[in-house]
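The structure appears below as structure tokens.
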Amino acid sequence: MRDYQQRSIQERMQLRFEVEEFLYHEAELLDSRRLDDWLELLTDDIHYWMPIRRTTQAKEVQLEFTKPGGMAFFDDDKELLSLRVQRLAVGRAWAEDPPSRTRHMITNIQVIDAVADEITVHCNFQLYRTRLNSEEDSWIGRREDVLRRTDGELKLARRHVYLEQTVILSQNMSTLF
Amino acid sequence: MPESFIATDRAAVDIAACYDAATGILDRRIFSDEAVYQRELTHIFGRAWNFICHESQIPQRGNFFTSYIGEDEVIAVRDRRRQINVLLNTCPHRGNTVCRAELGSVNSFFCSYHGWNFDLDGTLLAVPGEEAFYRNDLDKKKWGLTPVAKVASYKGFVFATLDPSAPALTDYLGWVGRLGIDMMTIDGEIEFLDGVHKNRIQCNWKIAVDNLYDWYHVKVSHGTALKLGFVTDESMAPNDQMVILGELGHGIGGPGLTREKQAEFDARHAEGDDRQQWYDFNAKRRSDPAVRELLGPIGFRSFGHPNIFPNLWVALTRQLCLRIPKGPFETELWWFNYQPVNLPEEQRRYSKFMQNHTFGPAGLLEQDDGENWSHSTRGARGTRSSTLPVNLSMGLGHDTMSHDPSGQSGIETVVSEHGQRWHYQAWQEWMLAESWQDLLANHSLPPEHEV
């Protein structure tokens with residue numbers, strides 16, 4: 001397969017359409033609390049990661065994010081993500097009982113590369129959450145995903161989440177990004 | 001507390017009456033009252049030795065880390081002589097912050113308002129227009145960045161106080177505070193990892209603090225983590241508990257090994273049993289004679305949570321959590337992470353795994369804490385609700401302080417609220433004290449016998 005940028009506009013539109021359908025479907029599963037179905041969309045070797053972001057001087061922006069393998073808000077494999085999902089089902093997950101109401105807005109989708117069976121996709125997101133009667137959280141950021149085609153189906157093989165907040169202005173992040 | 005209730009103007013909180021150590025009954029309004037909060041900033045944070053950072057976070061000249069003492073913003077910075085200064089992050093000219101990043105490196109601090117420029121020790125180096133506008137009238141020696149009153153470090157942990165009459169740091173920590181820090185050094189020299197998990201919870205800072213002594217909430221608040229096996233009953237909710245109380249409000253609460261259990265573990269390890277269950281692991285880590293010597297005969301049997309008064313929790317996951325007050329209803333949690341320098345790679349990975357997944361806003365344990373803390377704070381707001389007490393009576397009068405000839409003491413017990421009671425008793429004494437002199441003369445010593 002040729003490099004993504006060298007493909008015809010028709011080919012790129014087709015791939016992008018497929019990617020969009022995947023991401024919107026995935027977001028719908030998260031927002032409609034179908035988390036077991038969401039887990040089905042993940043490859044077994046998924047890496048789900050959200051580094052810590054810091055306020056730095058302009059001349060030191062290279063320090064802005066912690067590095068892979070270091071401290072992070074999320075640094076999950078499939079087992080950990082399954083644990084997060086199971087958590088909600090066993091009772092006493094107080095951060096999600098009553099459950100949060102969430103909405104993922106996915107935008108600025110860019111297919112960065114498509115090599116062999118892997119597609120690198122960047123997008124912006126806003127995850128809005130409201131809880132109980134009056135609690136609100138809003139997280140805005142960028143995702144760098146890798147989708148992998150497995151048996152003809154797209155699956156999520158990597159998600160790196162870069163939030164705009166440095167101090168997380170929420171009492172927890174019990175939702176998935 | 002009134003038997004019946006008639007709504008009237010809300011009275012000011014009487015600090016002397018708001019906590020009764022004889023019953024463990026506490027006035028809820030200390031979690032919501034603005035005047036109490038303001039007094040905490042002066043009488044507690046303004047006087048205490050506050051944890052700022054670890055020396056390994058700012059190893060080189062010019063490295064800085066910004067933090068807080070109460071609501072005062074401070075900069076910890078390594079100067080040209082490699083000394084660590086802790087400076088108020090406020091320009092003496094107009095009050096502007098001179099450093100707006102969380103961490104990094106500088107040659108000097110430059111105020112973005114009018115360009116006053118300060119050396120790494122706070123000395124005012126230059127001001128624009130010194131001759132043309134100030135007509136050489138400004139005495140630069142008098143207008144440097146203000147340093148805190150005192151800076152000291154214990155085993156690399158840097159503390160600062162705004163009060164020049166504060167006792168020396170090691171005296172302030174006392175044996176219990178020092179034990180809390182010593183527990184972090186049992187695997188040798190440590191270094192802090194890059195990345196402090198920070199988030200805000202809509203709770204009073206004291207509720208976050210007293211929760212570290214609370215081993216009653218574990219099975220309920222963290223029920224999911226236990227049910228899923230992320231943590232075990234054995235490690236998180238054992239019956240054997242040890243509470244250690246230190247002067248000025250320091251304390252350690254949580255799991256403890258009885259002498260009998262320790263002997264059992266020692267025998268098993270002597271026979272080569274190398275199982276890595278939580279208790280075995282901890283007991284084994286502490287079987288080294290040097291570690292026993294360091295922690296002492298009672299200290300080495302505690303696997304609990306130390307708190308360095310007022311707001312520094314030493315967690316079991318090689319983490320420290322600073323609870324920074326942001327008003328009566330908001331607290332910022334900062335999770336610092338460290339590791340022994342010589343930790344084998346496999347253990348290093350496991351340690352990072354626990355650090356990233358236990359606490360912090362996405363942590364499998366701590367997600368659920370915030371909910372309880374913010375709602376307990378909310379319970380201190382209502383006209384009627386705020387008149388109800390907080391009940392901290394668990395185990396009161398049922399236990400005995402055991403003493404060791406070494407001078408160490410501890411309460412060997414089951415789950416209790418001894419730690420919380422000690423915290424609020426100390427809090428009350430700090431709040432009532434007129435000065436350090438007053439506090440040192442009049443604070444309570446831990447109970448000798450019955451507790």
Checklist line | Given (1) on the phi < 0 side of the Ramachandran plot; (2) within 18 Å of the chain's Cα centre (by Cα); (3) of a type in the set (Lys, Arg), index of the condition A:ARG87 fails | finding: (2)
Notebook entry, point to check: Within region B:222-238, is even one residue at pLDDT 95 or above and surrounded by fewer than 23 Cβ atoms within 10 Å (Cβ to Cβ)?
Noted result: no
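One line per residue, one yes/no per condition, for (1) within 11 Å of another protein chain (Cβ to nearest Cβ); (2) more than 27 Å from A:ARG87 (Cα to Cα); (3) touching a Cys at 6+ places or on another chain (Cβ under 9 Å); (4) crowded, with 23+ Cβ neighbours inside 10 Å:
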{"site": "B:VAL341", "(1), (2), (3), (4)": "no, yes, no, no"}
{"site": "B:PRO344", "(1), (2), (3), (4)": "no, yes, no, no"}
{"site": "B:PRO361", "(1), (2), (3), (4)": "yes, no, no, yes"}
{"site": "B:GLN367", "(1), (2), (3), (4)": "yes, no, no, yes"}
{"site": "B:THR387", "(1), (2), (3), (4)": "no, yes, no, no"}
{"site": "B:GLY410", "(1), (2), (3), (4)": "no, yes, no, yes"}
Margin query: If I ask for residues that are closer than 17 Å to A:PHE125 by Cβ and either in contact with a Phe, Trp or Tyr (Cβ under 9 Å, 6 or more places away or on another chain) or without any contact (Cβ under 8 Å) to a residue 12 or more places away in the chain (or both), which ones from region A:1-24 would you list?
Written below: A:GLU21
Margin query: Take residues that are polar (S, T, N, Q) and in contact with a Cys (Cβ under 7 Å, 6 or more places away or on another chain) and tell me which of the strands (runs of 3 or more DSSP E) falling wholly in region B:31-106 contain 2 or more.
Written below: B:63-69
Note to self: All but one of (1) touching a strand residue (DSSP E or B) at 6+ places or on another chain (Cβ under 9 Å); (2) within 10 Å of chain A (Cβ to nearest Cβ); (3) without any contact (Cβ under 8 Å) to a residue 12 or more places away in the chain hold for B:TRP335; state the number of the condition that does not hold.
What the structure shows: (3)
Item checked: Members of region B:148-171 found to be of a type outside the set (A, V, I, L, M), buried (at least 16 other Cβ atoms within 10 Å of the Cβ) and assigned to a strand (DSSP E or B), listed by number -> B:LYS150, B:TYR154, B:PHE157, B:PHE159, B:THR161
Check: If you go through region B:69-115 one residue at a time, how many are among the hydroxyl-bearing types (Ser, Thr, Tyr) and within 13 Å of B:THR146 (Cα to Cα)?
Finding: 2
Notebook entry, point to check: From the list B:GLY70, B:GLY24, which residue is outside the structural domain of B:HIS114 (by TED's automatic domain parsing) and either in contact (Cβ under 8 Å) with a residue 12 or more places away in the chain or closer than 26 Å to B:PHE110 by Cβ (or both)?
Noted result: B:GLY24
Margin query: Quick check on region B:203-217: of everything there that is out of contact with any Phe, Trp or Tyr (no Cβ under 6 Å at 6 or more places or on another chain) and assigned to a helix (DSSP H, G or I), which residue is nearest to B:ASN337 (Cα to Cα)?
Written below: B:VAL209
Check: For region A:69-79, what are the residues that are facing chain B (nearest Cβ under 9 Å) and surrounded by fewer than 18 Cβ atoms within 10 Å (Cβ to Cβ)?
Finding: A:GLY69, A:GLY70
Check: When you look at B:PHE5, is it more than 15 Å from B:LEU145 (Cβ to Cβ) and of a type in the set (Phe, Trp, Tyr), yes or no?
Finding: yes
Check: Looking only at region A:149-177, which residues are over 22 Å from A:VAL85 (Cα atoms) and either in contact (Cβ under 8 Å) with a residue 40 or more places away in the chain or away from chain B (no Cβ under 14 Å) (or both)?
Finding: A:ARG149, A:THR150, A:ASP151, A:GLY152, A:GLU153, A:GLU164, A:GLN165, A:THR166
Check: What number goes with the only condition from (1) within 14 Å of another protein chain (Cβ to nearest Cβ); (2) over 15 Å from the mean Cα position of the chain (by Cα) that A:HIS47 does not pass?
Finding: (2)
Checklist line | Every residue from region B:412-445 that is within 13 Å of B:GLU247 (Cα to Cα) and touching a Ser or Thr at 6+ places or on another chain (Cβ under 7 Å) | finding: B:GLN425, B:GLU429
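Quick grid of which residues meet (1) of a type outside the set (A, V, I, L, M, F, W, C); (2) within 14 Å of another protein chain (Cβ to nearest Cβ):
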| position | (1), (2) |
| --- | --- |
| B:ILE207 | no, yes |
| B:TYR216 | yes, no |
| B:SER221 | yes, yes |
| B:VAL243 | no, no |
| B:LEU295 | no, no |
Next item on the list: Check off (1) within 17 Å of the chain's Cα centre (by Cα); (2) within 14 Å of chain A (Cβ to nearest Cβ); (3) outside any helix (DSSP H, G or I); (4) surrounded by 22 or more Cβ atoms within 10 Å (Cβ to Cβ) for B:ARG200 and give me the number that stays unchecked.
Entry: (4)
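The values are calculated or read from the model by the stated rules, or taken from the named source; none is laboratory data. Predicted, not measured: the structure shown is a model, and the values here were computed from it. Here Cβ is always computed from backbone atoms with ideal geometry, including for glycine, and neighbour counts include all displayed protein chains.
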